[in-house]
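This report concerns only the one structure given below.
Derivation of every value follows stated rules applied to the coordinates shown; laboratory data play no part. In this text the structure is predicted, and so the values were computed from the model without any measurement. Using ideal geometry, Cβ is built from the backbone for each residue, glycine included, and neighbour counts are taken over all protein chains shown.
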Amino acid sequence: MRTTTILCALGMLAVPVSVMAHHAVNPNFDRGRIIEVEGEITELVWRNPHVLMSIEGVGPDGEERAWEIEANSVSNVSRMGLTPDLLPDGAHIRVAGNPGRVNEFSMWLLNILLPTGEEVLFTGGSEPRWSAQILGEDARSAVATDPNRELGLFRVWSNATPPPRFWGTDHPLTESALAARAAFDPVADAPTLNCTPKGMPFIMEQPYPLEIVDAGDVIEIRLEEFDTVRRVFMSSDAPAQTAGEPGILGRSTGRWDGETLVVETTDIDYPWFNGTGIPQSREARIEERLALDEDGNRLELTMLYSDPNTFERPLTLTKTLEWRPGEEVRPFDCLAE
């Protein structure tokens, strides 16, 4: 297998796909089935949060019609060495992916067979279907070590823990939280619908790189998703500095416990704990501990979360990030419907 990086055709970045919207993956697509469609590309949008395509082609029923194809984010596929000039208008391609639940003529994209005979793996973990000539492998540098821990926390960190493992599913919900989650519509009520930014703690689930920056009395945590910047106030007059209207990221103050950064966040004005319909109240409190491992190449995040209105007892969430030299936090530039 090989990774092919092709120069980006910038003129294709703003091609409109007026009939398509951005969807949460699991509620909208049947991840247990794979179908194939063959036809010509008519439109392409190469923007976050998802790459979108329209294809005029033949599906499993043998009928020709317009298909809406939704794929991984530009943030992810670009790190697999993929660029939009792989998919010019009019190209005849074959695609495989998960069929839509709501729109039967839609698909979550996994594989593409190009006219050249090369096959593109559009999602991490996809297996080749048609070809031994593969495009779409991890183009990032390898995880490196910093045994002397000279760099500390202040660098770019890449996600190493899949988000579902970070949050888990078996939480001790209160009766009111259970009722709220039962009433949640994962399609209509999706918290990030139309590029609505995530608040705390949901934003820390993001699968993209983050950078920790020492700005003196403030430490900034710059997250790629939604171009989010969290500000952690380290000085003794932090309460005065954080005064004002609460926001979706809450108010964060920090301190050092040896080499471990401890961040306490309160007064979060954001209604969701995560993207599954679990609610969050203004009584939520979060303590995060960020610490290097012994080799200095991994950052361990431990989050102690409490909200008596939502959970019967506090939660402990963990996440691992890794250091890949040369990685950067890129502009997200989310495109709303």
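Which of these, Asn98, Asn26, Asn72, has the largest mean-square fluctuation under a Gaussian network model of the chain (Cα springs below 10 Å)? So, out of Asn98, Asn26, Asn72, the one fluctuating most is Asn26.
Highest mean packing first, where packing is the average number of other Cβ atoms within 10 Å per residue, the peptides 178-187, 101-110 line up as 101-110, 178-187. Each Lys or Arg adds one and each Asp or Glu takes one away; over the other residues whose Cβ falls under 15 Å from the Cβ of Asn111, this sums to -3. What percent does the relative contact order of region 156-322 come to when contacts are Cα pairs within less than 8 Å and at least six residues apart? Relative contact order of region 156-322: 24 percent. Does a label point 7 Å from the Cα of Glu294, set along Cα-to-beta-carbon, have any residues of region 103-145 with amide nitrogen under 20 Å, and which are they? Once the point is set 7 Å along Cα→Cβ of Glu294, 143-145 turn out to lie under 20 Å by backbone N, inside region 103-145. When the chain is treated as a GNM with alpha-carbon contacts under 10 Å, the residue of Gly32, Gly216, Gly152 showing the greatest mean-square fluctuation is Gly32.
Among rounded, prolate and oblate, which fits region 10-135 when a ≥ b ≥ c are the square roots of the eigenvalues of its C-alpha gyration tensor, a/c under 1.5 means rounded, and a/b larger than b/c means prolate? Cα axes put region 10-135 in the rounded bin. Roughly how many Å is it from the Cα centre of region 190-228 to that of region 100-161, as a whole number? Result: 21 Å between the Cα centres.
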